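The values are calculated or read from the model by the stated rules, or taken from the named source; none is laboratory data. Being a predicted model, the structure only gives us computed values, none of them experimental. Using ideal geometry, Cβ is built from the backbone for each residue, glycine included, and neighbour counts are taken over all protein chains shown. SASA here: full protein model, heavy atoms, side chains in, ligands and nucleic acids out. Shrake-Rupley method; radii C 1.70, N 1.55, O 1.52, S 1.80 Å.
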Amino acid sequence: MKTICMFFFISIALAISCSKPKMKSPIDDYNIIWNSQSKNSSESMPLVGGDIGCNVWVEKGDILLYVQRSGSLSENGEYLKLGRIRVQLTPNPFTNTSSFRQELKLHEGYIEIEADSGDKPNDQKALVKLWVEVDNPIVHVDVEANFDVEVVAAYESWRTEDKELLDVPVSRERFTCFNLEGYPGKVVRIRDQIEHDNEGVLFYHRNPKEKLIPEVLIRQQGLEASADKIFDDIKDRTFGGLLFGEGFIPVGNGEGEYQITPYKSWKIKSKQPRKKHQLFIATHIEQAKTIEAWKEGLFLTAEKASKIHEKSFKKTVAWWNQFWERSHISIFPESPDSSDAVWQMSRNYQLFRYQLGGNVHGEYPTKFNGGNLIYDPVLVKEESKYNPDWRQWGGAVFTAQNQRLLYWPMLKAGDFDAIIPQFELYRKGLPGATARVKTHFGHDGAVFSEYMSAPGTALGAGWGWSGNGHRARGTEIPFGDPRATGARAYSDLVEQGVMANPSIAYHWESQVEHAYMIMEYHRFSGEDITNYMPFIKAALIFFDEHYQLRQKMRDGKTLDDDGKLVIYPSTSCESYRGATNPSDLIAGLRACLKSLIKLEDNYLTSEEREYYRGFLDRIPNYSFDEVDGERIIKPAESWLEESNQELPQFYPLFPFDQFKLGDKEIQTFKKTYQHAPDFRKGTIISWHQDGIQFARMGMAKEAADYNTKKLQDSERRFPTFWGPGHDWVPDHNWGGSGMIGLQEMLLQTIGDKIVLFPAWPKAWDVDFKLHAPGNTTVEAVLKNGEVISLEVIPEKRKEDIIISDLQ
């Protein structure tokens, strides 16, 4: 029987070759193996590590990979790829071969591509290993054959000329730099610099001094007085790399077209045919004052590539081995069957966790709309006739309601290091978000855009531009004007300090959710959160000060007759606009304030703790109603208009943990779901999270059905390249919401108790290891409806375990 114990005893051979056998890891059952080449980049396989993501595929005998790295942000806020690499072998064993294999080896964290022309002694055999160092930003391509082979590697770029990015109605090119949709001026992306350098290819993009982000946003939003405090992550940013190899020399240039995009290439070739070759793509990103300083940093990285090649490989494999020891969920582990949807669910859980693990050192969070793994957009949607950098919903902006779904599952997975980039975004943005409040509302606290970026300014396209064009702002009215209701469209009246886009104008819940996530991170891991306390406090204080001030402007009082805040105008998610006392925000404020009050003394003064207790007392109550004689919870006390498909009335369950199984209100939530409009429930794609709420309500059958569909194989060759859904491919918030749903079926951790199998079908055998608060790990095996193994570390936490009755 395979159990998690195997993780601690299996010895993995670190030197991989065609002939050297290795012991099998349980995670090997989830490796992806292809026995034929790919048609195009849409049939690529992810290769990740550190903060780099590569799409790897073999097409017509060529090995290709797109390379993208966290932090590759242009002067316009585009998230650009570092380029495309093409590797060709001569004689080429990948052109006429009787055997082809491309395998993602999860436990070791690399891709192996093998060609074998037969069983005769003189038959050609070749093995190409591609891997990304976890601790250094270097991509490796190792070639080994049983015959002398010549290798040509080409760096291919489509950014060889300056390019104006066009806007609606001509084009949606600017969607990829979402801040600048509707901007009335020109938006130009400058060309990259590429050249043969000594024996390699040097390539980089350096943002020019004259740029738009964040300067144009600061002017747009009237924040000039605070400009020197606002974080500028674009200034002097330079990103690129060096393609080189042991014994390689430049051999000229080329050009061509891939899909619909013309490109130019710079080639290097092995000096002579050999049985072994090593290629390196060393990368570097820095806000360097000079290009010489950036090059110095790049060459220091490049020097490490060949000097410590074997040591780096062993270290990278060891990191991935340890990564898989942190946690896992294996359903029917003794009967792997890739055609079975339930088994697929646990396989795809591991695959998607691998994708998220590839940005553990990211300067920026993994983007919900593709992460580092997007490919040619015309292969996603035929009408998206743009170059390979393009994606919907922009690059340097991070939609918070989508982003959160990538990061919540990291707590129970124990991937505490990978969650930090999401927190850093809010820490960096705090000065800009504070300046917005001081400038426009005149009180304390910070307000963050739903479309979050490192400067902390509002989304330019959401704020709205002057004039009557696309994304126009409309007529601005003073802060507190009674005509400001939160229910209006572009070009109508817009309140001072508020974005023009009605979907996100008063949508401020996400800053509360991320404050709560940080405190949950502390509760799970015990890690210090001192650096994030200013954000947490400012994110919460905003609501107390803002809505007391608004109420005073309305009737001279700061609170209602019951001593509660009146949270209006607001919105319940994007769906219920012009809302009063929205349930999602009420739940979030309660969750945060309760957690804040419980923090250790080094995080709060006694005066602050007393203030937050008073703030908690001022939070209004949830609103309830009856439908057909059955009690339901409302999304808000009242609202003026509806849109979108969300169910924010379930946020008190997840993410805010205000009710647990056994509470009488669980029945109310079940009735609420039953009576919800059909168009708001049952959708599987993208961010929809019914499967999480089913689990929180203890509805095992419904949770199992929904989450199985959520995590079943995608329509693309790689199983977890879901999408586009509402967003893009690969749709990362699709995978994240599926991960959370599966975790919540197995383990819930509201308060001090650890509830096992709260929504788990009795017929599903499972072997899992997950994390719980207090640096706790829970490892269990369920077989034939019986728990046959349970290990809790530390052991004293066993007294907090509750094993649910299986359904």
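For this structure, a couple of remarks:
- One residue stands out among those in region 175-210 that are part of a strand (DSSP E or B) and of a type in the set (Phe, Trp, Tyr): the one that is least open to solvent (accessible area, probe 1.4 Å), which is PHE203.
- Qualifying positions in region 149-174 - among the acidic types (Asp, Glu), open to solvent by 30 Å² or more (accessible area, probe 1.4 Å) and part of a strand (DSSP E or B): GLU150, GLU164
- Cross-chain or 6+ apart pairs with Cβ under 8 Å, region 332-346 first and under 15 Å from PRO761 (Cβ atoms), then of a type in the set (Val, Ile, Thr) and assigned to a helix (DSSP H, G or I): PHE332/VAL342; ALA341/THR708; VAL342/THR708; MET345/THR708
- Subset of region 273-307 [over 25 Å from SER72 (Cβ atoms) and either outside any loop (DSSP other than H, G, I, E, B) or at pLDDT below 95 (or both)]: ARG274, LYS275, LYS276, HIS277, LYS307
- Matching residues in region 308-322 - criterion: being in a helix (DSSP H, G or I) and either within 15 Å of GLY49 (Cβ to Cβ) or of a type outside the set (D, E, K, R) (or both): HIS309, SER312, PHE313, LYS314, LYS315, THR316, VAL317, ALA318, TRP319, TRP320, ASN321, GLN322
- Flag if LEU202 is modelled with pLDDT of 95 or more and closer than 30 Å to GLY460 by Cα: no
- Enumeration of residues in region 379-400 that are crowded, with 20+ Cβ neighbours inside 10 Å and in a helix (DSSP H, G or I): ALA400
- Qualifying residue in region 702-722 (condition: open to solvent by 10 Å² or more (accessible area, probe 1.4 Å), acidic (Asp, Glu), within 29 Å of VAL378 (Cα to Cα) and in contact (Cβ under 8 Å) with a residue 40 or more places away in the chain): yes
- Answer residue from region 468-481, given it is of a type outside the set (Asp, Glu) and farther than 24 Å from TRP393 by Cβ and is most open to solvent (accessible area, probe 1.4 Å) among those: ASN468
- When LYS552, LYS594, LYS537, LYS557 are checked against the criterion of being of a type in the set (Lys, Arg), assigned to a loop (DSSP other than H, G, I, E, B) and at pLDDT 95 or above, a single residue qualifies: LYS557.
- Filtering region 211-249 to residues that are surrounded by fewer than 17 Cβ atoms within 10 Å (Cβ to Cβ) and in contact (Cβ under 8 Å) with a residue 40 or more places away in the chain leaves GLY222, ALA225, LYS229, LYS235, GLU246, ILE249.
- Region 375-391, residues that are in contact with a Ser or Thr (Cβ under 8 Å, 6 or more places away or on another chain) and either small (Gly, Ala, Ser) or more than 18 Å from ARG69 (Cβ to Cβ) (or both): ASP376, PRO377, VAL378, LEU379, VAL380, TYR386
- Among all positions in region 329-345, there is no residue which is surrounded by 16 or more Cβ atoms within 10 Å (Cβ to Cβ), assigned to a loop (DSSP other than H, G, I, E, B) and aliphatic (A, V, I, L, M).
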